[in-house]
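Note sheet for the following structure.
The values are calculated or read from the model by the stated rules, or taken from the named source; none is laboratory data. Since the model is a prediction, treat every value here as computed from it, not as a measurement. Note: ideal-geometry Cβ built from the backbone for every residue, glycine included; neighbour counts use all protein chains shown.
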Amino acid sequence: MSTTTPPPSAIHLPEAPADQAAILSAGGVACWTEPVEIDTYEPGEPDPYPLFLDRRVYQGSSGRVYPLPMIDSVAHEKRPRAWEAIHLENAYVRLMLLPEIGGRIHIGYDKVAGYDFLYRNNVIKPALVGLAGPWISGGIEFNWPQHHRPGTFLPVQTRIEREPGGSVVVWHSDLDPLQRLHGTHGVRLEPGSSAVEVEAILHNRTSQPQTFLWWANVAARSHENYQSFFPDDVAFVADHARRAITAFPRADRPYYGVDYPALAAERPGADRIDIYSNIPVPTSYMITDTDGGFFGGYDHDRDAGFVHVADPAISPGKKQWTWGDGAIGRAWDAQLTDTDGPYVELMAGVYTDNQPDFAWLLPGETKRFTQAWIPLHGTGPAREATRDAAIAVAAEGGGTGIRILAARRFEGASIEALRAGEVIASWRADLSPDRAFATGVDGGEEGLEVRVSHGGRVLGRWAERRADPPEPWVATAPPEPGEIAGGDELVVTATHLEQYRHPSRSPERYLEEALARDPGDQRAATALAWRRLARGEDDAARALVDAALARQTRRNLNPRDGEASYLSGLIAERQGDAPRADRSYAKAAWNAAWAGPASLARARLALRGGRADDAARLAEAAGAIPEAARILLLARGAGPDGMNINDGVGSTHLGPLAAAVVSHG
């Protein structure tokens, strides 16, 4: 009797349908929906009993999930499952998106190099890593408003948009079930470009300020010759919450319990933490300071990789995570895949530079941004990168090699090498994603500069930098409230604990201490009033915000900041006092930061009170807040020349109403 070992699981990508193949052959972008069969270890059923987990520590912040259920089991056997998949392809890149699993990019394939620049996991094999349980490795996971959010393993709504010029965007939209925030991310491919662009739209649809972070979690297959790279000015990296730091790329001290200098004394190069195989235990590091807007990873065995590019003013976050090249890492590899082996995560943070590191969204506020990933091949690690081109510079023989790979075609581009501001060599070349331009100069990097331009436009510029930055600060635990001398530091500490969602320290003790010392401290009173309102303690919130407003208006009836007035209006609205709410919101609208949400709130009150004209006027004053468009539609529908919202629409006929809202914008 003979037995045969079944072949390893593999994802087989379907051919493009005839109409999309025709678009592709004409140089355009193909996009279609077609299920893909993937061997899957199914998650178990949600726990029927609620888990409050008030003090659970998760990714350095609060791990509360209530009222969501937890899933705490995964099947031990896999079975084929057809997953809804959206396929996006142009001449250079092929992507597979999975809208049933958070709208992730599961496959990113460089067609020129024949290389998966994103880690391809050929099975869906969840581990209990996510905030609410299941989480899978591979591709690009989009994390917001908290890391490994519940939505990471929940379905999202999708829409395919073909833009003028031939670009295609696959939009994914979901509501965060914990904070009720609305997130949309679009994955865009353009004709003739190798760049994979993601456009994110993050909206606070609630009446309260909310904290959030955005980390795009990119996985790349790793081995002893896989290298992470960061801008040249990165000299230090930090652990979560900046609890510890070390030098980069050579760790100059013990980090995560590993004595890297001692290892390097035994084996030269063992302190290089940009090389996956040098890290024996699960390890995170995030850059602390850089002016650069790029980073990525490079597979020296396959001479290919990728670079991430974004505006460093809003996207400072650059992180590597690995399970480690050791026994623990191999155990986690077995938990997350069958045969695809280890990977590193190269995460890109927007409005955040550490984990946890949250930013704020005001009521009604929307933040919109883009980021891009560009496949690399034939270059080595990039030393500079833009949306147009990546520049690699490295020692080569007795001189310095220069490699340039463009993200789109630039015929007759100009490449110049300079020393001390003087051109020492120049070239004309057709740059494209098909092949890296390769050249070199005599001598080393000292004083060297490389410029790439086309038609007078700079595509990229790299210059040798020698810097000795000071060692960055390391976070420390805040003192107990009674040990803090000043009220300002008490409020700053409370804000930090609130903003970072501290799992075990409540900001309320610090706010209460500030108010015990000064009952009229308007900053502490306002912050504590928000928390009381969130718990449904309306009367306590009212007393606190009245104290804050009394201090603010003691000498000036027109405060510089409208937050307390807005909060006063929200409390009054919750208590059913519409006239007081309207007066408070109107005062808050004197301040530009609160004018939008305050006008929206007044429009809501006017519509509820049957004042359609006022509701329309105030909704228009609220500006681009999406909820204002809905109120405007309803208000105009109440007039004699508008849409009757009960005529063929309403709650059971949402199509025409939705179309009208979309057409309004």
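For the stretch 181-220, taking the residues that are surrounded by fewer than 24 Cβ atoms within 10 Å (Cβ to Cβ) and farther than 27 Å from Pro150 by Cβ, the one that is nearest to the chain's Cα centre (by Cα) is identified as Ala195. Test Asp546 against the criterion of being over 20 Å from Thr206 (Cα atoms) and not assigned by TED's automatic domain parsing to the domain that holds Lys367, and give yes or no. Judged against the criteria, Asp546 is a match.
Selection of first residues in the stretch 160-171 that are of a type in the set (A, V, I, L, M) and of second residues that are not in a strand (DSSP E or B), restricted to Cβ pairs under 7 Å at least 6 apart or on distinct chains, gives the following pairs, ordered by first then second residue: Val168/Val29; Val169/Glu163. Name the residues in the stretch 232-270 that are touching a residue at least 12 places away in the same chain (Cβ under 8 Å), assigned to a loop (DSSP other than H, G, I, E, B), of a type outside the set (A, V, I, L, M, F, W, C) and under 26 Å from Gly60 (Cα atoms), would you? Asp239, Arg243, Pro249, Asp252, Tyr256, Gly257 - these are the residues of the stretch 232-270 that are touching a residue at least 12 places away in the same chain (Cβ under 8 Å), assigned to a loop (DSSP other than H, G, I, E, B), of a type outside the set (A, V, I, L, M, F, W, C) and under 26 Å from Gly60 (Cα atoms). Just one of the listed residues (Glu84, Glu37, Glu42, Glu89) is among the acidic types (Asp, Glu), modelled with pLDDT of 95 or more, over 30 Å from Ser194 (Cβ atoms) and in the same structural domain as Gly139 (by TED's automatic domain parsing), and it is Glu42. The single condition among (1) touching a Gly at 6+ places or on another chain (Cβ under 8 Å); (2) not assigned by TED's automatic domain parsing to the domain that holds Leu528 that Gly609 does not meet is (1).
Put simply, of Ala10, Ala82 the only residue that is free of Cβ contacts under 8 Å to residues at least 60 places away in the same chain and out of contact with any Lys or Arg (no Cβ under 8 Å at 6 or more places or on another chain) is Ala82. Looking across the stretch 379-409, just one residue is acidic (Asp, Glu) and without any contact (Cβ under 8 Å) to a residue 60 or more places away in the chain, and that is Glu396.
Rundown of residues vs (1) within 29 Å of Leu497 (Cα to Cα); (2) of a type in the set (Ser, Thr, Tyr); (3) in a loop (DSSP other than H, G, I, E, B), yes/no style:
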{"site": "Gly536", "(1), (2), (3)": "yes, no, yes"}
{"site": "Ala564", "(1), (2), (3)": "yes, no, no"}
{"site": "Ala581", "(1), (2), (3)": "no, no, no"}
{"site": "Ala603", "(1), (2), (3)": "no, no, no"}
{"site": "Leu607", "(1), (2), (3)": "no, no, no"}
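Please work out which residue is nearest to Asn121 (Cα to Cα), limiting yourself to the stretch 75-90 and to residues that are surrounded by 11 or more Cβ atoms within 10 Å (Cβ to Cβ) and among the acidic types (Asp, Glu). Per the stated criteria, the residue is Glu84. Kindly check whether there is at least one residue in the stretch 151-164 that is buried (at least 22 other Cβ atoms within 10 Å of the Cβ) and of a type in the set (Lys, Arg). Scanning the stretch 151-164 turns up no residue that is buried (at least 22 other Cβ atoms within 10 Å of the Cβ) and of a type in the set (Lys, Arg). Out of all the residues in the stretch 460-471, is one or more surrounded by 16 or more Cβ atoms within 10 Å (Cβ to Cβ), farther than 30 Å from Gly292 by Cβ and either in contact with a Ser or Thr (Cβ under 6 Å, 6 or more places away or on another chain) or not assigned by TED's automatic domain parsing to the domain that holds Ala238 (or both)? Scanning the stretch 460-471, I find no residue that is surrounded by 16 or more Cβ atoms within 10 Å (Cβ to Cβ), farther than 30 Å from Gly292 by Cβ and either in contact with a Ser or Thr (Cβ under 6 Å, 6 or more places away or on another chain) or not assigned by TED's automatic domain parsing to the domain that holds Ala238 (or both), so the answer is no.
Among the criteria (1) within 21 Å of Pro469 (Cβ to Cβ); (2) free of Cβ contacts under 8 Å to residues at least 60 places away in the same chain, the one Gly324 does not fulfil is (1). Residue-level check: of (1) part of a loop (DSSP other than H, G, I, E, B); (2) more than 30 Å from Arg243 (Cβ to Cβ); (3) touching a residue at least 60 places away in the same chain (Cβ under 8 Å), His87 misses just (1).
With a requirement of 1 or more residues that are touching a Phe, Trp or Tyr at 6+ places or on another chain (Cβ under 7 Å), the strands (runs of 3 or more DSSP E) lying completely within the stretch 95-181 that satisfy it span 104-110, 127-130, 133-135, 140-143, 157-162. Exactly one residue among Gly421, Gly443 is more than 22 Å from Glu190 (Cβ to Cβ), of a type outside the set (A, V, I, L, M, F, W, C) and at pLDDT below 95, and that residue is Gly421. With respect to the conditions (1) of a type in the set (Gly, Ala, Ser); (2) closer than 30 Å to Ala91 by Cα; (3) part of a strand (DSSP E or B), Gly292 lacks only one, and its number is (3). Residues being among the small types (Gly, Ala, Ser), modelled with pLDDT of 95 or more and either within 30 Å of Pro177 (Cβ to Cβ) or surrounded by 19 or more Cβ atoms within 10 Å (Cβ to Cβ) (or both): count how many of those fall in the stretch 221-254. Of the residues in the stretch 221-254, 5 are among the small types (Gly, Ala, Ser), modelled with pLDDT of 95 or more and either within 30 Å of Pro177 (Cβ to Cβ) or surrounded by 19 or more Cβ atoms within 10 Å (Cβ to Cβ) (or both). Trp530 meets all of the listed conditions (1) over 27 Å from the mean Cα position of the chain (by Cα); (2) surrounded by fewer than 23 Cβ atoms within 10 Å (Cβ to Cβ); (3) in the same structural domain as Ser565 (by TED's automatic domain parsing) but one, namely (1). Taking the criterion of being crowded, with 19+ Cβ neighbours inside 10 Å and in a strand (DSSP E or B), the residues of the stretch 426-448 that qualify are Leu431, Ser432, Phe437, Val441, Leu448. When the strands (runs of 3 or more DSSP E) confined to the stretch 342-425 are screened for residues that are in contact with a Gly (Cβ under 7 Å, 6 or more places away or on another chain), those reaching at least 1 such residues are found at 343-350, 366-377, 389-396, 399-406, 410-419.
Of all residues in the stretch 115-141, those being β-branched (Val, Ile, Thr) and within 12 Å of Ser73 (Cα to Cα) number 1.
With respect to the conditions (1) buried (at least 18 other Cβ atoms within 10 Å of the Cβ); (2) touching a helix residue (DSSP H, G or I) at 6+ places or on another chain (Cβ under 7 Å), Gly482 lacks only one, and its number is (1). Given (1) part of a helix (DSSP H, G or I); (2) at pLDDT below 95, where does Arg560 come up short, assuming only one miss? Failed condition: (1). For the stretch 261-278, the count of residues that are surrounded by fewer than 22 Cβ atoms within 10 Å (Cβ to Cβ), among the β-branched types (Val, Ile, Thr) and over 24 Å from His308 (Cβ atoms) is zero. Applying the condition of being within 16 Å of the chain's Cα centre (by Cα) and under 17 Å from Ile105 (Cβ atoms) to the stretch 165-180 and asking which residue is surrounded by the most Cβ atoms within 10 Å (Cβ to Cβ) yields His172.
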